[in-house]
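Notes to accompany the following structure.
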Amino acid sequence: MITPKIAAKAAPTGAAPTTAHARARSNIALIKYWGKADSRLNLPAVGSISITLEALWSDTSVEFEAAHRVDELTLNGERNPNHLARVTACLDMLRGIAGVNVHARVSSRNSFPTGAGLASSASGFAALVSAAAAALGLELSPREQSIIARRASGSAARPIFGGFVEMHVATRADGTDSFAEPMLAADEWPLEVVVAITATREKDVSSSRGMTRSAESSPYYRAWVDSHPADLAVARAAIGARDFAALGEVAESNCLKMHAAAMAAAPPLLYWDGATVECLNRVRELRAAGIPVFFTIDAGPQVKAVCAPGARDAVRAALADVPGVLDTLVTGLGPGVEVGAGPGAG
Ligand code: PMV
């Protein structure tokens, strides 16, 4: 375990159990992170631009207590050994900064299906970092939290912040300049998102393994990485100008490039269902009919339809009607991580 070079600004409060909770939102990337420059430091090979989603959250509570012999994780009310190693690795970074060796009981609850391409690792690890830092009495800046969250899950670095967020690639070898930064607050361009859920199973191949496989075997991976800075520049300009059509064009293109690179990996990665494709077609039909909407898809079959203000109800009705769509979720853009918010998971 390599502890990031972040100095503790406050000492833990002593032997008493220290508990804190945090709510972090999920996010979707409009310009995607797919590929690692360094697996050990979990450095992205490409930058990304995301939006933080109000209604898709993880509530996480962390209790450090000297009497705990090991870390424990409860996810959505059930003990979860599967994700415990990643949680422990993340807690180890914070324990290293605080200079303590106490174990924690972590309890986390998601407002949406876990591991199905709705970025539960992003909201889960963003909430874990903030709650655990608070429980240890560490005063970490949002940027420092973003760096630590990135080590746990690349996309978790972003929803430390709300609204529109850009994640930077590292130029330094130690990765200390790979963090997320806010671009626009949620209310500065209040887009909305309709999520068409076509499956609730956990995906077979995690994002992390999928991107490694793409980098190792996809003939299109290099083209994906090389064409990425231009997509970021177009998206930055579109967001600055609140140009919905320009943002939609580059976001759809970037999403399909990511999936094309993944599909061409060996063995191939196909995250889509039939209903995924039907939803893409439906979004295009809506747009042709004058409704301002564009799609994006992450490492799962769900389609996220990003809507200009006012378009959401028509988009939701149209996607709910697509055969194979099990449910739809609607959300606006949300704030960054909130410590002490939420009911306290468990
Ligand atoms: O942070 P990870 O390892 O779960 O990877 C996220 C990858 C995508 O969701 C497909 C894209 C992104 O930028 O969020």
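Quick check on V322: is it in contact (Cβ under 8 Å) with a residue 60 or more places away in the chain and touching a Leu at 6+ places or on another chain (Cβ under 7 Å)? Spell out the reasoning first.
Details: in contact (Cβ under 8 Å) with a residue 60 or more places away in the chain: yes; touching a Leu at 6+ places or on another chain (Cβ under 7 Å): no.
Criteria not met by V322.
Please name all residue pairs, on different chains or six or more residues apart, with Cβ atoms under 6 Å, provided the first residue is in the range 27-55 and is over 17 Å from M183 (Cα atoms) and among the basic types (K, R) and the second residue is at pLDDT 95 or above and part of a strand (DSSP E or B).
Nothing qualifies.
Inspect the range 197-207 for any residue being farther than 22 Å from N110 by Cβ, crowded, with 20+ Cβ neighbours inside 10 Å and in contact (Cβ under 8 Å) with a residue 12 or more places away in the chain and give the result as yes or no.
no
Please find, among A127, A133, A122, the residue that is modelled with pLDDT under 95 and in a helix (DSSP H, G or I). Walk me through how you get there before you give the answer.
Details: A127 fails: modelled with pLDDT under 95; A133 fails: modelled with pLDDT under 95.
That would be A122, the only listed residue that is modelled with pLDDT under 95 and in a helix (DSSP H, G or I).
Tally up the residues in the range 23-39 that are surrounded by 24 or more Cβ atoms within 10 Å (Cβ to Cβ) and more than 11 Å from the ligand (Cβ to nearest atom), please.
The number of residues fulfilling the criteria is 3.
I'd like to verify a number: residues in the range 298-330 that are closer than 19 Å to Y271 by Cα and over 24 Å from the mean Cα position of the chain (by Cα), how many?
Result for the range 298-330: 3.
Name the residues in the range 268-283 that are in a helix (DSSP H, G or I), surrounded by 16 or more Cβ atoms within 10 Å (Cβ to Cβ) and touching a residue at least 24 places away in the same chain (Cβ under 8 Å), would you?
Scanning the range 268-283 gives A275, T276, E278, C279, R282, V283.
Can you tell me which condition G96 does not meet? The list is (1) within 16 Å of A149 (Cβ to Cβ); (2) within 18 Å of the chain's Cα centre (by Cα), and all the others hold.
(2)
Of all the residues that make up the range 205-233, how many are touching a strand residue (DSSP E or B) at 6+ places or on another chain (Cβ under 7 Å) and either modelled with pLDDT under 95 or on the phi > 0 side of the Ramachandran plot (or both)?
Total satisfying the criteria: 0.
Evaluate the range 330-344: report whether one residue or more is within 16 Å of the ligand (Cβ to nearest atom) and of a type in the set (A, V, I, L, M).
yes
When you check A199 against the structure, is it in contact with a Pro (Cβ under 8 Å, 6 or more places away or on another chain), more than 15 Å from the ligand (Cβ to nearest atom) and not charged (D, E, K, R), yes or no? Let's see the steps before the verdict.
On the way: in contact with a Pro (Cβ under 8 Å, 6 or more places away or on another chain): yes; more than 15 Å from the ligand (Cβ to nearest atom): yes; not charged (D, E, K, R): yes.
Yes; evaluated as a whole, the condition is true for this residue.
Just give me the residues in the range 142-183 being charged (D, E, K, R) and within 12 Å of the ligand (Cβ to nearest atom), in sequence order.
R150, R151, R158, E166
Looking at (1) in contact with a helix residue (DSSP H, G or I) (Cβ under 8 Å, 6 or more places away or on another chain); (2) within 24 Å of E202 (Cβ to Cβ); (3) of a type outside the set (A, V, I, L, M), can you tell me which one E63 breaks?
Failing condition for E63: (2).
Tell me which of these A265 doesn't satisfy, since it passes every other one: (1) in contact (Cβ under 8 Å) with a residue 12 or more places away in the chain; (2) assigned to a helix (DSSP H, G or I); (3) farther than 17 Å from L30 by Cα; (4) within 16 Å of the ligand (Cβ to nearest atom).
The number of the failed condition is (2).
The values are calculated or read from the model by the stated rules, or taken from the named source; none is laboratory data. Nothing here was measured: the structure is a model prediction, and the numbers come from that model. So basically every Cβ, Gly included, is an ideal-geometry build from the backbone, and we count neighbours across all protein chains shown.
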